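Comments concern the structure below.
The values are calculated or read from the model by the stated rules, or taken from the named source; none is laboratory data. All values reported here derive from a predicted model rather than from experimental measurement. Note: ideal-geometry Cβ built from the backbone for every residue, glycine included; neighbour counts use all protein chains shown. We work out accessible area using only protein heavy atoms, side chains counted, and drop any ligands, DNA or RNA first. Shrake-Rupley method; radii C 1.70, N 1.55, O 1.52, S 1.80 Å.
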Amino acid sequence: MTLLLRMSNNGHAMNKNLTPAELEANTEPLYAAHKKVYPQAVSGRFRRIKWGLMAVCLGIYYLLPFVRWDRGPDAPSQAVLVDFPNSRFYFFFIELWPQEVYYFTGLLILAALALFLMNAIGGRIWCGYLCPQTVWTDLFYAVERLVEGDRRERIKKDDSKLTAGRVAELATKHTIWIFIAWWTGGAWVLYFADAPTLVIDLATFRAPVVAYVWIGILTFTTYALAGFMREQVCVYMCPWPRIQAALTDEWALNVTYRYDRGEPRFSLKKATELRAQGERAGDCVDCGQCVAVCPTGIDIRNGAQLDCIQCGLCIDACDAVMTKVGRPVRLIAYDNEINIERRVAGKPPIFKAVRPRTVLYSTVIAVVGSIMLYVLATRAFLDINVLHDRNPIAVALSDGSVRNAYTVRLLNKRAYSRTLALDVTGLSGAQVQIVGLDSLGMTRPVIVVGRDQTEEIRVLVTVPSRESLDKSTDVAFVVTDLGLGEMAAARDHFILP
Amino acid sequence: MTHHEEHDTVTGTATTGHQWDGIKELNTPLPRWWVYLFYATIIWSVGYWVVYPTWPTISGYTTGWFNYSTRAQVRAELADLEKLRGEKAAVIATASLRNIVQDPTLLAIARARGKPAFGDNCAPCHGSGGAGAKGYPNLNDDDWLWGGTLDDIKQTLDFGVRSGHPKAREGSMVPFGGKDGILKKEEIKTAANFVRSLSGLSVAPGTDLNAGRKLFADNCASCHGDGGTGNKEIGAPNLADKIWLYGSDEASIIEGITNGRGAVMPAWSERLDPVTLKALAVYIYSLSGGK
């Protein structure tokens, strides 16, 4: 009962209809005071899944920068690398140039859709198992538990006076926290430079200042977010719970208290008595274990709520109690309102993963994914950009011929240097000259562009006579790889003075 | 000194006791924190005298502890910039113009350096893109008064045209008209029309082209050549092509013959450093590919 009152004071769980007079008299503060949460240790299937996923997520995050990938002698050998100085992004066999950053837009769309799909099938899977906030907070709680003890001890210790032993304990906890936070920040910067080299540079204080600054920033944010702000990030800062609540439907499986089975609640003794008399008693023995283990400090029996990250730990806690009292497990389970109503009506539960919503999400994921794969597989490794001289736009030469000058940039995205020929189409009898290039004995200018490089050239296009030309003529600059035959073209204009 | 402090009846604020035309002045002193901050800045400024250059002396100034000067800072920053530009940029100083133009990397460096120098120094006359104007040659075409090879361009750039520098390009169009002029007005008109005919332009009705040819041979050909094709040694323009620095209409040509021409370009070696001059020569060459 006190628990329920506390929840209503919190303001999220229950919506009371207040009369204006009651509103007037309501002196509740606008902001809920922070109540520290002391989650209790729990074991069971979902706890094991969470440990496993934590190991996988943290393992990927901390170790990925050290994975090597051979790209030849002059290229970085780090599998995943954001190379800002050279404007390149490497991901295993993929190398992206700055102008291809739009691929990340596709990835973001895919990520959002995957989040929606997860939500439509199993609720806040992301929040409960995969979100960095959850993973790091879980890790920090594990440290706290290891150093200070479980829920009861922590509550008691926080209430008692500081002793030397207690100070030592707190110091130990915060030291470990800061170490984890520092390692988290340290791993982050390794994605932006050659990891083994940077580790040595960092250790010998020869790394760039910006690396230390970023490690400092991320150490602080990790320490603050996972050590202190914890569930408040989910409840007050994160937009996803609000969006999730608007996106969910009645078929989505959420961590649900099966009140059809649980209510009415009695103590174990009373329930046994009632059942012996042939009267109905709910399975919930009101032991409060589901509340004790909750990392956001809520009572799942109040129904679906914004604060619930659906980590499933209350399922583990309740299952343990149900086993002990000899009742069927999964009083709290991944379930939905439809099935509760069906059970009340005596019908078997149904689970519908395939519905218009999930089909739509899957289809869009498949379409976007296919488009991205297609674009990635067929992207050009040769490109050309043309910039027409603005001043002067056109030049009359002494023999009456007309010249336009262009700045042309050739892009070679291959890992080897290439010999490229340049043609200008759309003009008959045009002479194409690259400044600084001896085109002796060549029918068209040819230029070598180094591996993974661009080359800027100045191109002069001269037409012998202005007769038969319009004020502006469409032309195309075509570059051809003489080895592979690969081609790229850019449109521009030839303009008369 | 009054012992009794008078207070304003409306605001309750103390007055200073001063009174003008029956209006009493309220005593609202500066806030204490502000005043202390002000004193602190005065003390702080003493530190400035010691650390930074502060006081002028008869022949200089007090330099301060660290000999700090913004000029030295700029010099250091420029040195850092030079270091940042790297070895390739240093090569510009020693490489030949031809080698710079033929090496794509060096060409890019020289052009990058020449472009802002052109904007700072050349653009006021020749235009931001070197398109020129009446009397200021277009640097994008193939008509070069003093030669369009890399070395020709560099020489014109270094020493200028009629700039007064001992190595300047010399030679100017003589005025043929005026009171005691070599040619009479009618003769100048005839010569002007003959010059127009050299590049196929229309001729004023009634012009005696044979007389014009003779006038040209007697007066103009010594510099501009028999066919009017010009002479780059003395900057005599080609009169038989399609490019006219001062315009191709009869009036402009008559004006040129009557009063002569002699535009000036400064000697840039007196103003710019050798590397910038080299970069500029390469940049100007790259506009048109030279000749």
For the range B:91-102, does any single residue satisfy the condition of being closer than 30 Å to B:His224 by Cβ, at pLDDT 90 or above and within 14 Å of another protein chain (Cβ to nearest Cβ)?
yes
Would you check which residues across the range B:242-275 are within 14 Å of chain A (Cβ to nearest Cβ) and more than 21 Å from B:Thr207 (Cα to Cα) and list them?
B:Lys242, B:Ile243, B:Trp244, B:Leu245
Taking B:Val74, is it loosely packed, with under 11 Cβ neighbours inside 10 Å, of a type in the set (Val, Ile, Thr) and closer than 30 Å to B:Thr276 by Cβ?
yes
Subset of the range B:103-137 [among the charged types (D, E, K, R) and away from chain A (no Cβ under 13 Å)]:
B:Arg113, B:Asp120, B:Lys134
Flagged in the range A:384-395 as touching a residue at least 60 places away in the same chain (Cβ under 8 Å), in contact with a strand residue (DSSP E or B) (Cβ under 6 Å, 6 or more places away or on another chain) and either within 14 Å of chain B (Cβ to nearest Cβ) or more than 18 Å from A:His493 (Cα to Cα) (or both), in numbering order, are A:His388, A:Ile393, A:Ala394, A:Val395
What is the residue count in the range A:421-466 for residues that are within 14 Å of another protein chain (Cβ to nearest Cβ) and surrounded by fewer than 16 Cβ atoms within 10 Å (Cβ to Cβ)?
13
Where in the range A:131-218 are there helices (runs of 4 or more DSSP H), lying wholly inside it, with at least 3 residues that are of a type in the set (A, V, I, L, M)?
A:132-148, A:164-189, A:195-203
Could you look through the range A:399-420, keep only residues that are away from every other protein chain (no Cβ under 12 Å) and among the charged types (D, E, K, R), and pick out the one that is farthest from A:Glu467 (Cα to Cα)?
A:Arg414
B:Asn210 fails exactly one of (1) within 14 Å of another protein chain (Cβ to nearest Cβ); (2) without any contact (Cβ under 8 Å) to a residue 60 or more places away in the chain; (3) open to solvent by 40 Å² or more (accessible area, probe 1.4 Å), namely (1)
Tell me whether the range B:256-268 contains one or more residues that are small (Gly, Ala, Ser), out of contact with any helix residue (DSSP H, G or I) (no Cβ under 7 Å at 6 or more places or on another chain) and not in a loop (DSSP other than H, G, I, E, B).
yes
Which residues, counting only those in the range B:138-150, are more than 18 Å from the chain's Cα centre (by Cα) and either more than 8 Å from chain A (Cβ to nearest Cβ) or on the phi > 0 side of the Ramachandran plot (or both)?
B:Trp144, B:Leu145, B:Trp146, B:Gly147, B:Gly148, B:Thr149, B:Leu150
Among the strands (runs of 3 or more DSSP E) contained in the range A:329-417, which hold 1 or more residues that are of a type in the set (Gly, Ala, Ser) and open to solvent by less than 70 Å² (accessible area, probe 1.4 Å)?
A:332-335, A:402-412
Hits in the range A:467-497 - residues which are of a type in the set (Ser, Thr, Tyr), open to solvent by 40 Å² or more (accessible area, probe 1.4 Å) and either touching a Leu at 6+ places or on another chain (Cβ under 7 Å) or in a strand (DSSP E or B) (or both):
A:Ser472
Based on this model, can you work out whether A:Ala203 counts as surrounded by 19 or more Cβ atoms within 10 Å (Cβ to Cβ) and more than 30 Å from A:Leu331 (Cβ to Cβ)?
no
Filter the range B:1-27 down to the residues that are outside any strand (DSSP E or B), of a type in the set (S, T, N, Q) and open to solvent by 100 Å² or more (accessible area, probe 1.4 Å) and list them by number.
B:Thr2, B:Thr9
Of all residues in the range B:38-55, count the ones that are open to solvent by 90 Å² or more (accessible area, probe 1.4 Å) and in contact with a Ser or Thr (Cβ under 8 Å, 6 or more places away or on another chain).
3
